[in-house]
């Protein structure tokens with residue numbers, strides 16, 4: 001097993017193929033997910049990101065008429081999925097580790113479990129709001145920002161734990177990824193503030209960056225060039241999503257706060273059905289990938305939503 005940064009250096013300057021998957025909903029057989037991953041092993045991805053979905057809340061009326069707030073997690077199982085990926089495919093999993101929903105002690109316990117399993121890579125994220133709330137609130141004694149989470153992971157890599165003082169504590173050796181937003185995180189006031197947030201994560205110890213999905217390569221090119229001008233030298237992996245339905249033309253910008261290129265939008269709108277839209281999405285993504293390869297990206301990272309057909313249709317043409 002190896003670190004993400006080691007994988008990025010090991011392909012003789014050529015970009016590697018990697019994917020992100022989501023855990024199945026609670027009660028679903030994991031074999032459905034593993035079987036969906038199987039076709040993508042054809043391209044030998046050296047690592048697979050596994051998302052971590054935070055808790056959600058809903059209200060429930062009790063028999064006495066009172067209202068109780070109930071906590072649930074619809075997609076648990078990230079650590080178990082990572083272990084299954086290692087066992088079945090012999091490749092590196094990259095679990096997402098969140099600020100949201102975790103205390104610092106919870107985080108430490110999770111990192112210890114990952115370390116015991118031999119998982120050497122994590123993606124450190126603040127995480128989304130806890131539904132149905134529309135603002136982010138850290139747990140008591142939790143991290144408010146991703147750079148704080150990166151610092152805790154980096155401390156553990158130095159053998160520094162939260163409450164233990166012994167100099168003989170086992171040091172972990174995590175490779176730490178962080179997120180970035182070529183089109184700006186929706187909560188940042190402007191691109192300058194967003195860049196400062198990324199610089200704090202890098203200064204805290206991030207080893208590489210994965211971007212939010214985008215459909216306009218120029219946004220990525222401009223972002224990378226600005227990062228380099230700001231002194232950020234670590235690898236910046238582009239995140240990609242293949243449009244599969246006409247509805248996604250509106251859903252993806254709303255969910256992920258991104259812009260669709262007007263030329264692409266017009267072509268998709270002219271499609272008569274989803275089959276045509278999917279084919280157009282594949283063609284657009286192939287062109288994106290070829291331009292990104294020419295730019296010299298270290299990897300092409302696909303947000304698959306745990307489905308393989310469109311991703312494989314693109315990857316077979318560019319790898």
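A compact table of results
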quantity: Inter-label distance, nm, simple model (7 Å from Cα along the C-beta direction), residue 309/residue 228; calculated: 3.9
quantity: Efficiency of FRET between residue 279 and residue 259 - r from beta-carbon atoms, R0 22 angstrom, step 0.05; calculated: 0.50
quantity: The chain, helix-only ellipticity at 222 nm - DSSP H runs n ≥ 4, -39,500 (n - 2.57), divided by all residues, nearest 500; calculated: -12500 deg cm²/dmol
quantity: For region 1-111, diffusion coefficient by Stokes-Einstein and Kirkwood Rh (Cα), 37 °C, 0.692 mPa s, µm²/s; calculated: 202
quantity: DSSP beta bridge pairing in region 4-318, given as percent antiparallel to the nearest 5; calculated: 20
quantity: Spin-label pair residue 169/residue 137, simplified geometry with 7 Å Cα→Cβ offset, distance in nm; calculated: 3.0
quantity: C-alpha center-to-center spacing [region 141-191, region 3-50] in angstrom; calculated: 23
quantity: C-alpha center-to-center spacing [region 63-82, region 249-316] in angstrom; calculated: 33
quantity: Base-10 log of normalised Debye intensity for the chain (one unit scatterer per alpha-carbon) at q = 0.14 Å⁻¹; calculated: -1.19
quantity: Label-point separation in nm, residue 72 to residue 287, each point 7 Å along Cα→Cβ; calculated: 4.3
quantity: Against the rule of thumb 2.2 N^0.38 Å, how large the Cα Rg of region 187-283 comes out; calculated: 1.27
quantity: Most fluctuating residue given options 235, 93, 132, as computed from a GNM of the chain linking Cα atoms under 10 Å; calculated: 132
quantity: Extension gain from residue 1 to residue 116, taking 0.36 nm per residue of separation minus the Cα-Cα distance; calculated: 40.0 nm
quantity: Value of relative contact order over region 83-140, rounded to a whole percent, pairs C-alpha under 8 Å and six or more apart; calculated: 43
quantity: Relative contact order (percent, whole number), the chain, Cα cutoff 8 Å, 6+ residue spacing; calculated: 20
quantity: Contact order normalised by residue count of region 122-182, Cα under 8 Å, 6+ apart, percent; calculated: 41
quantity: Model label zone, residue 245; criterion: amide N under 14 Å from point 7 Å along Cα-to-beta-carbon; scope region 284-319; calculated: 305, 307
quantity: Fewest-first ranking of 126, 254, 88, using other Cβ atoms within 10 Å as the exposure measure; calculated: 254, 88, 126
quantity: Proxy reagent accessibility, fewest Cβ within 10 Å first, across 99, 227, 271; calculated: 271, 227, 99
quantity: FRET efficiency, residue 199 to residue 11 (Cβ-Cβ, R0 22 Å, nearest 0.05); calculated: 0.20
quantity: FRET efficiency for residue 272 and residue 295, using Cβ-Cβ distance with R0 set to 41 Å, rounded to 0.05; calculated: 0.75
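Rule-based calculations on the coordinates, nothing more; no lab input. Keep in mind that what you see is a predicted model, and the values were worked out from it rather than measured. All Cβ positions, even for glycine, are placed from backbone atoms using ideal geometry, and neighbour counts span all protein chains on display.
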